[in-house]
Every structure is written in C-alpha cells, then in structure tokens.
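J.: Structure incoming, see below.
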Amino acid sequence: MKNLDIKQVELTETVGNIYADSAKMSIRNADVYYGSKQAIHNVSLDLAKNQVTALIGPSGCGKSTFLRCLNRMNDTIDICNITGEFTLDNQDIYAKNLDPVLLRARVGMVFQKPNPFPKSIYDNVAYGARIHGLTNNKAELDEVVETSLQKAGLFNEVKDRLKDPGTGLSGGQQQRLCIARTIAVSPEIILMDEPASALDPIATAIIEELIDELKEKYTIAIVTHSMQQAARVSQHTAYFHLGKLVEMGKTEDIFTHPKHKLTENYITGRFG
Amino acid sequence: MNSPLLFTVLLCLTLFSYWYGMKRSLKVAGGNEHKKNLTCLPQQFGLLTAMVCGLPALMTLLIFNSAEQLVIEQLFTTTLSANIQSLSSIDLGLYLNNIHSLASSEASKTLLTNINSSNELAMQEQYKAASTLQALKQQARWLKTALVLVIACVSVIVLIKKFSLTFPARQKSETIIRGLLVASSAIAILTTLGIILSVLFESIHFFKSVPISDFMFGTQWSPQAAMRTDQVGGSGSFGAIPLFAGTLLITFIAMLLAVPIGLMIAIYLSQYASAKLRAFAKPMLEVLAGIPTVVYGFFAALTVAPVIRNVGESLGLSVASESALAAGLVMGTMIIPFVSSLSEDAISAVPNALKEASLGMGATQSETVIKVLLPAALPGIVGAILLAVSRAIGETMIVVMAAGMAANLTANPLDSVTTVTVQIVTLLTGDQEFDSPKTLAAFALGLMLFITTLGLNVLALKVVRKYREQYD
C-alpha cells in the first residue's frame, strides 16, 4: 500500500486549521459526483485520533455524503464517483487491493434512523462478531455481546430480555443497540450520521454522554444538525456549505470566534 | 323497454340527478355565492342524490330480472288447460319449451291470425297459449319499466325534500359507499362459498355410489361406469391415491427446479444486476410466464421427453416415453418467473437501512443477502412459492402431453404418471351422463384438490408466522 505524504496541500477554500497532530484518518482534495452533479468540492481534513470531529452545516451541504465516503458506503451507489485521497493510518482506503469489507469492519457506522435487524437483541449485537469469526465459542460470543452492550450503556436495561426482538425497544434504546452492534466488531473509527436526530431530548442526552465515553477507545466523526450537540460532544468542528468545507478548527474556536462570515451566520442562527 | 335500454336510461337519470342535487343544494343555500352556508359541499349533495337515485332502482331491476322468469312461468302454467297441467313433468317441460319458442319466434299478429286459420284443435290451443305468454311477458316489461323509473324518481324527490343547510350529505354518502365496499367483499366470499357448496353436493352424490374410504385410500384408479347392468368390466375402481401421488411428484420436481433458480434470479436482479440489465431482464423473464401452456406441453413431449429418454437409456435406465420428470422439468421452467418476480419484489421491499447496516459492519454482499435480506423478505418469498405451487398443482396441459394418462402409483420420476387435474379433464370431456359415478368422481377429485391446496396454504402461513423477521 502506498504511503502518502499528506501534509502538503494547498488550501484555497477552507479557513482555519484542517490538520490534526495525530491524525487517524486524512482526506485530501476529495471530490464526489452523483452522475454529473458534484456533491463535494475539493474537501481536505484530518480526523484526530481518539477525538470527536463534528461535521455541521445546512441540509444538503454534503456532510452525510462525505461521511459515507470514509467507509466506502457510497460504493453501493452505482452513479457515485469519488476522487481524492482518503487514508486510514496512512493507507489508501480506495486502493485497488483494499477490500471494502475489511475496511468497514475497521470503520463502523451508526445511521440516522435506528435500524436494528429484525432479530433478537442478542443476535443483533452478535451479528458482526459472527460474520467476522471473532469468537471461537458461545461463551466468548456471550462475552462480546455483554461488553458491547455495556459499553453502549444498554446492558442493564435489556439483560433480562436478550432474546426479545431488537425492534421492540424504544427509539433511543434501538440507537444504542445499533451502537453496541457497531462496537462489537471492534472498529477503530465510528462514523455517526445524525445519530440523535430521530430521538427525544432525554435519549439524545444519553447518546451524547455515550459518545463522550466512546472517544477514549475510538476515533469518532459525527454529522449533526444541532449546533449545541456539536458544541457539547466534539473537540473539532468542520463547517460544510454547498459541498465545500468552509471552515474547520477546534470546536471552542469555531463557536466563539468563527473566522468565516458563512460560519458565523450559521452558528448565530441567521440561516440554516 | 328492454333491460339494456332501461339500464341506459337509469344511468342517464343518475347523472342528471347528480347535477340536480347540486343545483337544489345551491338553491337551499341561496345561490352560488352563499354556498359556504351549507355544511357539506354541493358536489357531496350531488353525489348523494345520484346514489339515492341509482342504487335502489338498480337493485329493483336486478331482483325483478332474476324473479321475472319464475313468476311468469308460474302464472302461465295456471292458465293452461287441465289436461296439459296433468302431464308428467318431462312432457310438460317439452310442451312449455314448444310454446316458448313459438312465442319468441313469431310476431304477436301472426300468432293471432294463426289461431283463426289453423284448423287443428291442438295447434289452435298452442297458438293461443303462446299468445298468452307473449302478453304476460309484455306486461312484465311494462311493470318493470314503470317500477324502476318510479322508484328512481320518488327516492330523489323524497331526498330533495329533506335538503337543508345542515343536511349531512357527506356523512350519508360515506355510509352508502362503505356499504357498497362491504357488499363487494361479501360477493367475493359468497362466490367462494358457492363454489365450495356446489362441489361438495356433487361429491356427496358421488360418495353415495362409491364409499369415501375406497376413494381416499384406494390405490387403483380406473374410472369405469356400467352403461348396462350386464356389461363386462363395467365396475371401475375410484382410488384417488395414485392421482395425488402423481400430482405431488410432478409438483415436487417442478418446485425443485423453480424455487432455487427463481430465488437466485431474484437475488441477482435485486442486489447485483445493474439497473439497465434489470430493466431488460425482468420483462424477458416474464415472457416465460406468458407462453401458452400448450406450447410448453409440446415442448415437453417432443423435445424434453426424448432427451431424457436418450440420456436415461445411455445410463442404462428404463425411461417411459412419457415421464413425470419431463413434465415436472418443463412445468418448473414455466413457473420460474412466478417465483423470481414476486421474490424480487419482496427482497426489494426490505428497507435499504437494514442492508446498509449490514454492509456498514463489514458484511459481504452475500452475507447480507442470506442473513438479513432473505429472512426479512421471507413472507413474500413463501407467498411467491405458494403461488407457484398452486399453479403447478392446477396445471393440466403440460401433464396431459408429457406425463400421460396412466395412473401409476410410483415415486420413480422416470415412470409415466397422471395428475388430478388431467383426470378431471378426461372424466368431463366428451358426451357424458351427469349422474354416473364416472363423471361425479371429477367433483370429488376437485373437492380433494381444494382441500389439499387449502391445507398447504394454512401450513405455509404457520411456517411463515414462526420464522418471519418482521421489520417496520
């Protein structure tokens, strides 16, 4: 796999600082097209290791599209065409000899709407471990399921009904189940696409607390519509506008001293 | 007026009353500019008026039409002279037929002249009777026309009298529409019941001459009925087991071919194929379902069966020239599109979120299909298979041509067998008396077939309910 020298990139459109001291993932000059329509224009940024990076911006600005490039979920869309350099631990994730299946085991994803499988809670969490053959016997699998549920803060609520269907849980519990399911595969990065947008404030608070704990072990990128949420959970914030990365920097800087007029307008609620 | 004309007039009246109801409601409101005063829209008044005009009149027309024949017959018979009324029922029927054909073939004037010109007394009497019948029919027609039109007009007038600003036209028309919907579903259920009952009664008739245990557990099928009491070989045996065994054997072979191939086609088309290929391949596949079964039949008999025989003989097996295997394979080919098309719909209907969740955790595409998509689509897939099975069980033409008529009780797919539907066809085609056990056996077979498919359906539903993974 080729090692890329990733630091030298000319920035013409983004203000602030896109670089991280210890980058887990680096993206340089990413362009994404749906057919002939360009959805992402020349985006470059780093995801800092064991920190939370929030991607914010108005609807349709391409933040979800960008997130889905990071574990090659856009491969499933025929008309989607991606160029640029995407590296995980200095390895090109779009290299020809890289298997997207293995990549997705390293870069997990939590979706906007909770989407547990119509299987039992246990089978939901065990799904990834089973397909990747992570465990050798039932006892080990039980262990993985229990620790994953514990890390997702769900174990105490469901320990007596692991055989019940996952779809029978409340919305917030379902989303934590999806997080547990993702954790069970032991990924290095977790991508979250508006994980709390379908949840009530209490469930949202629980998820946010969870994200804060998870960053100890995982590198997290989260797309969110809520600026308060970005301010609460993230260390770095990237502001997208019409497919371009307008500004990126430390979260407290972005929210207190935005450098770009567009960022300022957005976070002060003048539009978006 | 005759019925089609009356029906057309009634339709026009209904359309007119829609307009009339609207106008009247506007008048009640005090003009177009005050229509806000009405609790319901003028169109709703119109709709209600139209329904009130059309429905009762239409109902009367239907009831009248169905009762007309019977009542006229009754009335007419009482006018006949005593010596004709005392005829046996068969002779009376013949006589009545005669009169009916006279009445419908001759104009009333010719009949009257014939009465006077005819010199035979019997003929004179017949012409007189025919004339009476014509008069009766004429009266009935007048009565019908008057009744229908009066009912239509009177119900509209009665309704319009009740119009006021707060008249609940919307609620009333909703109630009527709901009633119509209930009636439609009742028709479907009643038709099914009617079919079951008619088959059941004929079967009971059959079981009077052949014991039910002989029919259900007998292993010999040679449907013969004696034309004369002293006929040699006139007693047949009616054991249905070989027929059902043959049906199940052929169906099993067909499903063995159609289910795996159909499912794999469905998976390929829904998950792997490009949109372009799918747009081309799906209609092409459905062409398979559109080929007439007779064409499949001679394909099976002339192409597939000889190939199977040649291959079998080169392997040292003895193959009948008409084999269950040939029929089953061709039937399987025919029902592939049933399985593939409906299964593809079921798989495509699984929410994309589930697929993405699985792929997002590093599952391969085939793991996603097997572990997530197929379980979630199971009810639809089982439905598709069930439809294919009932299609296979009911299929007749291919079997007639490729599997033969010999009712062998065998599990060897290289033998010739026959199926229930084929036997029903052979029992009922040609000149048959409808009260001999031979023809009645067809109804008993039909009943058994019905019970079998019903049982299969219930079983499959149970299986689905147990193993389905319900997504919402």
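J.: Exactly one of (1) within 14 Å of chain B (Cβ to nearest Cβ); (2) under 30 Å from A:L134 (Cβ atoms); (3) not aromatic (F, W, Y) is unmet by A:T53. Its number?
T.: For A:T53, the exception is condition (1).
J.: For the structure I just gave you, tell me whether B:L193 is closer than 21 Å to B:F443 by Cβ, modelled with pLDDT of 85 or more and within 30 Å of the chain's Cα centre (by Cα).
T.: Here the answer is yes, as B:L193 does meet what is asked.
J.: Moving on to the next point. Being surrounded by fewer than 17 Cβ atoms within 10 Å (Cβ to Cβ) and not polar (S, T, N, Q) is the filter here, so list the residues in segment A:216-249 that pass it.
T.: Result: A:E216, A:K217, A:H225, A:L242.
J.: Next question, about the same structure. Considering only segment B:415-472, state which residues are part of a helix (DSSP H, G or I) and out of contact with any helix residue (DSSP H, G or I) (no Cβ under 9 Å at 6 or more places or on another chain).
T.: Passing the criteria: B:I451, B:L454, B:G455, B:V458, B:L459, B:K462, B:K466.
J.: Right, next: What pairs come up if the first residue lies in segment B:309-323 and is touching a residue at least 40 places away in the same chain (Cβ under 8 Å), the second is exposed (fewer than 11 other Cβ atoms within 10 Å of the Cβ) and among the small types (G, A, S), and their beta carbons are under 8 Å apart, counting only those six or more places apart or on different chains?
T.: That search, which allows pairs on different chains as well, returns B:G312/B:S318.
J.: Of the conditions (1) in contact (Cβ under 8 Å) with a residue 24 or more places away in the chain; (2) within 30 Å of B:L6 (Cβ to Cβ), B:L38 fails just one. Which one is it?
T.: Only one criterion is unmet by B:L38, namely (2).
J.: Here's another thing I want to ask about it. Is it the case that B:C12 is crowded, with 19+ Cβ neighbours inside 10 Å and modelled with pLDDT of 85 or more?
T.: no
J.: Looking at B:A377, B:A384, B:A346, B:A357, which is the one that is in a helix (DSSP H, G or I), aliphatic (A, V, I, L, M) and either modelled with pLDDT under 90 or not assigned by TED's automatic domain parsing to the domain that holds B:L263 (or both)?
T.: Checking each option against the conditions leaves just B:A384.
J.: Within segment B:388-398, is even one residue of a type outside the set (S, T, Y), part of a loop (DSSP other than H, G, I, E, B), crowded, with 22+ Cβ neighbours inside 10 Å and in contact (Cβ under 8 Å) with a residue 12 or more places away in the chain?
T.: Scanning segment B:388-398 turns up at least one residue that is of a type outside the set (S, T, Y), part of a loop (DSSP other than H, G, I, E, B), crowded, with 22+ Cβ neighbours inside 10 Å and in contact (Cβ under 8 Å) with a residue 12 or more places away in the chain.
J.: Moving on to the next point. What helices (runs of 4 or more DSSP H) completely inside segment A:161-272 contain at least 2 residues that are away from chain B (no Cβ under 14 Å) and under 27 Å from B:A363 (Cα atoms)?
T.: Correct list: A:171-183, A:201-214.
J.: For segment B:160-188, which positions are among the aliphatic types (A, V, I, L, M) and either surrounded by 12 or more Cβ atoms within 10 Å (Cβ to Cβ) or over 25 Å from B:I424 (Cβ atoms) (or both)?
T.: B:I160, B:L165, B:A169, B:I176, B:I177, B:L180, B:L181, B:V182, B:A183, B:A186, B:I187
J.: Among the residues of segment A:131-151, write down those that are more than 14 Å from chain B (Cβ to nearest Cβ) and either at positive phi or not in a helix (DSSP H, G or I) (or both).
T.: Residues satisfying the conditions are A:T135, A:N136, A:N137.
J.: Scan (1) within 11 Å of another protein chain (Cβ to nearest Cβ); (2) part of a strand (DSSP E or B); (3) over 24 Å from A:R176 (Cα atoms) for the single condition A:M109 breaks and write down its number.
T.: Single failed check for A:M109: (3).
The values are calculated or read from the model by the stated rules, or taken from the named source; none is laboratory data. Quantities reported herein were computed from a predicted structural model and do not represent experimental measurements. Methodologically, a virtual Cβ is constructed for each residue, glycine included, from the backbone with ideal geometry; neighbour enumeration extends over all protein chains shown.
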